[in-house]
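Report on the structure given below.
No lab work stands behind these numbers, since they all come straight from the coordinates. All figures in this text were calculated on a predicted structure; none of them were measured in a lab. Glycine also receives a Cβ, built like all others from the backbone with ideal geometry; neighbour counts cover every protein chain displayed.
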Amino acid sequence: MQTVFAPNLLAGKVALVTGGGSGIGAGIAKLFAEHGAKVSLVGRTVQKLESVAGEIAAAGGEAMVHAADVRDFALLDEAFAATVKRFGRLDLLVNSAAGNFLSPAANLSANGFRAVIDIDLCGTFNACRAAFPHLSKQGGSIVSITATQADVPTPLQVHAGAAKAGIAKLTRDLALEWGRVGIRVNAVAPGPIENTEGMSRLAPGTTADSLKKRVPLQRYGTIEEIAAAVLYLVSPAGAYVTGSTLLVDGGTSLIGAGPFLDMMGA
Ligand code: HXC
Ligand code: NAP
């Protein structure tokens, strides 16, 4: 990506990225490393994490990996402890781990609903909570990746929309409680992002073309555009921003849930 930022904005900083083994989380980790941060990648599949860590190392950065399911607080706690042991401190947390699929609410099992709430909402709380003792030592910054479905009523997405709406509220409440110890807490809500697992699950096949035509900016966003928004929030340029959700969606939230209604044949 042609950077629009000054170089080395995160020199000396240490970041932990959940969901850092693929997609948007991997893109954020790579941009952070490019800006001088040491990065700890957390997810369930160690091979994916190692592949991203390898890319970071090949580009001259420093990364470690730690396998953990964000639903398991004890494992996450260990991931943070291992990160601080290796890199000496923690300054930044990015919550990008999530699970999603399309399902009509009437067909969704209680366990299916709970699985997504557990990963997205409880997993985000778990990571924030496990990060707190480390971040509060010198102050820091948290950014959670949410989604426009948090606000836009969307069919087939009752589980993910509820989870992401919970993250938006969590973001505001934690910003209120933790501002006084120097921790800023924000979120980024991407619109449809090209070449991601999320879009291959949510807009397979021809639906992608119909969605692109409806986005006010007439295209999907890129992983790099989401990473740049996160970098802004954690950088000195975002120093007075807390409790906010930054929409990075090409205007998609302005058009409502039309493409999803198409999928339902409504
Ligand atoms: C209906 C489904 C389902 C589907 C799973 N379930 N897939 N129900 N339609 N397609 C149900 C299962 O039947 C089960 O309920 C329950 O969910 C848990 O399923 P498991 O497979 O046991 O869960 P788990 O192994 O924990 O996997 C979680 C997962 C999985 C979310 C289901 O897909 C996953 O791990 N995804 C991670 C990667 C991912 O989704 N990336 C995209 C993020 S993108 P029963 O009742 O049968 O026991 C994203 C995009 C944008 O979030 C955001 C919009 C808000
Ligand atoms: P992705 O590549 O599937 O990223 C999700 C990551 O989370 C994966 O690396 C996955 O790795 C990890 N993960 C899933 N469940 C986990 C768990 N229980 N514990 C730990 N890690 C777990 O999908 P993406 O499309 O890049 O999405 C990234 C984020 O952006 C998500 O929060 C998503 O909701 C959000 N978002 C995406 C879009 C989009 O257009 N793609 C739009 C709006 C919002 P493992 O399976 O190996 O654990």
Q) Which condition number does residue 236 fail, the rest of (1) more than 18 Å from the chain's Cα centre (by Cα); (2) crowded, with 19+ Cβ neighbours inside 10 Å being met? A) (2)
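What is the residue count in the range 182-230 for residues that are of a type in the set (S, T, N, Q), more than 11 Å from ligand 2 (Cβ to nearest atom) and under 30 Å from residue 132 (Cβ atoms)? Break it down stepwise before answering.
Of the range 182-230, the ones of a type in the set (S, T, N, Q) are 186, 195-196, 200, 206-207, 210, 218, 222.
Remaining after also requiring more than 11 Å from ligand 2 (Cβ to nearest atom): 186, 206-207, 210, 218.
Those still in the list that are under 30 Å from residue 132 (Cβ atoms) too: 186.
So the answer is 1.
Taking residue 16 as the residue in question, decide whether it is part of a loop (DSSP other than H, G, I, E, B) and more than 8 Å from ligand 2 (Cβ to nearest atom).
On the way: part of a loop (DSSP other than H, G, I, E, B): no; more than 8 Å from ligand 2 (Cβ to nearest atom): yes.
Here the answer is no, as residue 16 does not meet what is asked.
Condition first: within 30 Å of residue 111 (Cα to Cα) and either free of Cβ contacts under 8 Å to residues at least 12 places away in the same chain or buried (at least 20 other Cβ atoms within 10 Å of the Cβ) (or both). Now tell me which residues in the range 171-184 satisfy that. Let's see the steps before the verdict.
Here is the first cut: in the range 171-184, the ones within 30 Å of residue 111 (Cα to Cα) are 171-174.
171, 173, 174, listed by residue number.
Sort out which residues of the range 103-153 are among the hydroxyl-bearing types (Ser, Thr, Tyr) and under 20 Å from the mean Cα position of the chain (by Cα), and write them in order of number. Walk me through how you get there before you give the answer.
If we filter the range 103-153 for residues that are among the hydroxyl-bearing types (Ser, Thr, Tyr), which is where we start, we get 103, 109, 124, 136, 141, 144, 146, 148.
The answer is 124, 141, 144, 146, 148.
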Q: Return the pairs, sorted by first residue and then second, in which the second residue is more than 9 Å from ligand 1 (Cβ to nearest atom) and part of a helix (DSSP H, G or I), the first residue lies in the range 185-206 and is without any contact (Cβ under 8 Å) to a residue 24 or more places away in the chain, the beta carbons are less than 8 Å apart, and the residues are 6+ apart or on different chains.
A: 199/208
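When the range 56-76 is examined, which residues are found to be part of a helix (DSSP H, G or I) and within 14 Å of ligand 2 (Cβ to nearest atom)? Spell out how you get there, then give the answer.
Just the residues of the range 56-76 that are part of a helix (DSSP H, G or I), to begin with: 56-58, 73-76.
Within the range 56-76, 73, 74, 75, 76 qualify.
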**Q.** Answer residue from the range 30-41, given it is touching a strand residue (DSSP E or B) at 6+ places or on another chain (Cβ under 9 Å) and free of Cβ contacts under 8 Å to residues at least 60 places away in the same chain and is farthest from residue 7 (Cα to Cα) among those
**A.** 41
Q. Out of all the residues in the range 165-188, which are within 15 Å of the chain's Cα centre (by Cα) and closer than 19 Å to residue 239 by Cα?
A. 171, 185, 186, 187, 188
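Of all residues in the range 19-32, count the ones that are assigned to a loop (DSSP other than H, G, I, E, B) and buried (at least 24 other Cβ atoms within 10 Å of the Cβ).
Just the residues of the range 19-32 that are assigned to a loop (DSSP other than H, G, I, E, B), to begin with: 19-22.
Then keep just the ones that are buried (at least 24 other Cβ atoms within 10 Å of the Cβ); that gives 19-21.
Final tally of qualifying residues: 3.
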